[in-house]
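J.: Input: one structure, supplied below.
The values are calculated or read from the model by the stated rules, or taken from the named source; none is laboratory data. Remember, it's a predicted structure, so these values are computed and weren't measured experimentally. Methodologically, a virtual Cβ is constructed for each residue, glycine included, from the backbone with ideal geometry; neighbour enumeration extends over all protein chains shown.
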Amino acid sequence: MTVKLAFVGMLALATACSPASEARAKQRTSYADLVALFHDWRTFEQPKIVDGVPDYSVAAMTAQHTELARYQRRLAAMDTTGWTTPQQVDYNIVRAEMNGLDFSHRVLRPWARNPSFYVYYFPSRSDQPAREGTVVSGAIEMWMYPFPLPPASADSLAARLRTIPKLLKAARVNLDGNAKDLWNYGIADIKAQSSALAALSARVATTNPGVASAAQQARVATDEFATWLEQKAPSKTGPSGVGVDNYNWYLKNVQLVPYTWDEEEVLMRRELSRSRASLKLEEDRNRKLPPLVPISDSATYVNRFNAAVTEYMNFLRDHDVLTVHPYMDPALRARIGRYRPADKPREFFDEVSYRDPMIMLTHDFHWFDLARMAVQPHPDPIRRDALLYNTFVTRTEGFATAFEEMMMREGFVDTHPRSNELIYVLVAERAARALGDLHLQSNDFTMDQAKKFASEWTPRDWLRVDGETVTGEQHLYLQQPAYGTSYIMGKIQFDELLDERAKQLGDAYSTKRFMDEFLDAGLIPMSLIRWELTGNADQIRAMTRPDSARSH
């Protein structure tokens, strides 16, 4: 770890884990002071708006990074003596978010290196609390607009669409990086925005001509920007990954994951081998059973997906897996979607869900999380809204992955012959693409190599190297370090937490009790949930040592 990284890591130490002598030297503060700082921080974190456009110029970003140090000093000066464990957990949430902005300035610099950062229009909703990866401030989330568009919504949308040409003009100045893969793969995202804007313009052409016109102008600007990117592409020759030292710092100080790049690679390879070997044993055990056949028509699709939701919800309720809330069933039914004919090879997750719709419902716990955020917001002001910099992923993606295999152990596919095979296919795919994440960021893989690796090591040839899924996943992981590994790392951390908490509870343990405690903690890093549920802060203490990038 470089001297600079060590210094920044020391600056961001959590006082919750500091020696008492250091705490006495700090300013006496209350939890209310942390909440006030949190609100100030969230306002500061957003870029300045100039002529309606977020300012990512060199001058603006330099000024923001300089000012960030003041907020970090305010946080570091707080004395958390006497605070409850949940309050100290919140302190570390704020610390991680501030470190996330610091890392963006020092290392990622998406506004200067990543053309995809300037995608401003998203037609569909993410299943995460906040959009995955690095996203420009103020981006349009079209799912939030009702249709048909009321006049006020139409005016607001048209005004925001008119931001796009100005934003892309500024992007041509801001983008001075030399990251080859980020640049080249970003072009496809910009072209996808063009197609989405064209679809919007056509949709509202007769009902909202002002929106249609603004969308068309935004599309023209997007096409011109894509052309400019293509013209510049041959000059981009540099690596796109952050490097192992930076990756380790990011794990400890932003994601709050108590492992290193090297340790994660060992764990990913172990999980890949375990899942592939388990799949082979399952296939051998089931060899006399008929194969799972994909759904092949629309009526069957609707019936089987709705029946799967009913069966799944009944299982959760009847087996006391967790407390079932009224918002859960409709949250899943709203995401059933529609049948897609097999006129071309299916994408990976359709290969799974079209064989048994029950399987992906477990990973779709994301929609339970989002529904809960909407109808039952967390009482804690720091946990109420989505955390910044995707610091929630070990909880959201990691737990959803853990829940797949957990539910298999609970018996929910016992009456579904061969469906347990699909669980191991899923785990193998997550481990294979996580290795792509690691080796993209260490600059051992190019994007093409990461795609090829993930495709080759995913069973049954379902993750096609020429498919949209493998490209989209690896491109996201290149932009957002540790996202690809979060599925398996969060799963491992969840398993560790369940084991530790069950040991504490002894005969008082029940899965329902544990799950309700776990979910009540909110969408925060898994290491912080562990601290809150078990009282054990050893992982956080280890990650706040100056040498934390080297060991855990």
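J.: Out of the residues in region 325-350 that are closer than 22 Å to PHE368 by Cβ and assigned to a helix (DSSP H, G or I), state the one that is nearest to the chain's Cα centre (by Cα).
T.: Ranking the candidates gives PHE349 first.
J.: I'm checking my understanding of the structure. Among residues of region 398-433 that are farther than 27 Å from ARG530 by Cα and among the acidic types (Asp, Glu), which one is farthest from the chain's Cα centre (by Cα)?
T.: ASP414
J.: Of the residues ASN286, ASN248, which single one is at pLDDT 95 or above and within 22 Å of the chain's Cα centre (by Cα)?
T.: Matching residue, one of ASN286, ASN248: ASN248.
J.: While we're looking at this one, here's another question. Does TYR56 qualify as being farther than 19 Å from LEU387 by Cβ and of a type outside the set (A, V, I, L, M)?
T.: The answer is yes for TYR56.
J.: Looking at region 449-501, which of its residues are aromatic (Phe, Trp, Tyr), in a helix (DSSP H, G or I) and either touching a Lys or Arg at 6+ places or on another chain (Cβ under 8 Å) or over 12 Å from ASP437 (Cα atoms) (or both)?
T.: Of everything in region 449-501, those that are aromatic (Phe, Trp, Tyr), in a helix (DSSP H, G or I) and either touching a Lys or Arg at 6+ places or on another chain (Cβ under 8 Å) or over 12 Å from ASP437 (Cα atoms) (or both) turn out to be TRP457, TYR477, TYR487, PHE494.
J.: Let me ask another. GLY436: within 21 Å of the chain's Cα centre (by Cα), closer than 27 Å to MET526 by Cα and free of Cβ contacts under 8 Å to residues at least 12 places away in the same chain, yes or no?
T.: Here the answer is no, as GLY436 does not meet what is asked.
J.: OK, next. So which of LEU279, LEU316, LEU322, LEU267 is part of a loop (DSSP other than H, G, I, E, B) and either touching a helix residue (DSSP H, G or I) at 6+ places or on another chain (Cβ under 8 Å) or among the aliphatic types (A, V, I, L, M) (or both)? Show your work before the answer.
T.: Details: LEU279 fails: part of a loop (DSSP other than H, G, I, E, B); LEU316 fails: part of a loop (DSSP other than H, G, I, E, B); LEU267 fails: part of a loop (DSSP other than H, G, I, E, B).
From the options LEU279, LEU316, LEU322, LEU267, the qualifying one is LEU322.
J.: Taking region 137-162 only, how many residues are in contact with a strand residue (DSSP E or B) (Cβ under 6 Å, 6 or more places away or on another chain) and either assigned to a helix (DSSP H, G or I) or closer than 12 Å to PRO115 by Cα (or both)?
T.: Counting residues in region 137-162 that are in contact with a strand residue (DSSP E or B) (Cβ under 6 Å, 6 or more places away or on another chain) and either assigned to a helix (DSSP H, G or I) or closer than 12 Å to PRO115 by Cα (or both) gives 1.
J.: Let me ask something else. Restricting to region 256-289, and then to whatever is without any contact (Cβ under 8 Å) to a residue 24 or more places away in the chain and of a type outside the set (D, E, K, R), can you tell me which residue is nearest to LEU435 (Cα to Cα)?
T.: Checked region 256-289; the qualifying residue nearest to LEU435 (Cα to Cα) is VAL266.
J.: Mind listing whichever residues of region 39-73 are over 26 Å from TYR118 (Cα atoms), surrounded by 18 or more Cβ atoms within 10 Å (Cβ to Cβ) and of a type in the set (D, E, K, R)?
T.: none
J.: Six or more apart or on different chains, Cβ atoms under 6 Å: show the pairs whose first residue is in region 83-109 and assigned by TED's automatic domain parsing to the domain that holds GLN46 and whose second is assigned to a helix (DSSP H, G or I) and modelled with pLDDT under 95.
T.: What qualifies is GLN88/ALA16; TYR91/ALA16.
J.: What's the number of the only condition in (1) free of Cβ contacts under 8 Å to residues at least 60 places away in the same chain; (2) surrounded by fewer than 16 Cβ atoms within 10 Å (Cβ to Cβ); (3) not hydrophobic (A, V, I, L, M, F, W, C) that ARG501 fails to meet?
T.: The one condition ARG501 does not meet is (2).
J.: Checking the conditions here, which among ARG430, ARG513 is within 17 Å of ALA400 (Cβ to Cβ) and among the charged types (D, E, K, R)?
T.: Exactly one of ARG430, ARG513 is within 17 Å of ALA400 (Cβ to Cβ) and among the charged types (D, E, K, R), namely ARG430.
J.: Under 7 Å between Cβ atoms, which residue pairs at least 6 apart in sequence (or on different chains) link something in region 473-493 that is farther than 15 Å from ARG113 by Cα and assigned by TED's automatic domain parsing to the domain that holds LEU272 with a partner that is part of a loop (DSSP other than H, G, I, E, B) and of a type in the set (Phe, Trp, Tyr)?
T.: If the second residue must be part of a loop (DSSP other than H, G, I, E, B) and of a type in the set (Phe, Trp, Tyr), the pairs left are MET489/TYR259.
A quick yes/no check of all residues on (1) under 23 Å from ASP364 (Cα atoms); (2) buried (at least 19 other Cβ atoms within 10 Å of the Cβ); (3) assigned by TED's automatic domain parsing to the domain that holds GLY484; (4) more than 23 Å from the chain's Cα centre (by Cα):
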{"site": "ASP262", "(1), (2), (3), (4)": "no, no, yes, no"}
{"site": "ARG274", "(1), (2), (3), (4)": "no, no, yes, yes"}
{"site": "ALA277", "(1), (2), (3), (4)": "no, no, yes, yes"}
{"site": "LYS280", "(1), (2), (3), (4)": "no, no, yes, yes"}
{"site": "TYR301", "(1), (2), (3), (4)": "yes, yes, yes, yes"}
{"site": "ARG317", "(1), (2), (3), (4)": "yes, no, yes, yes"}
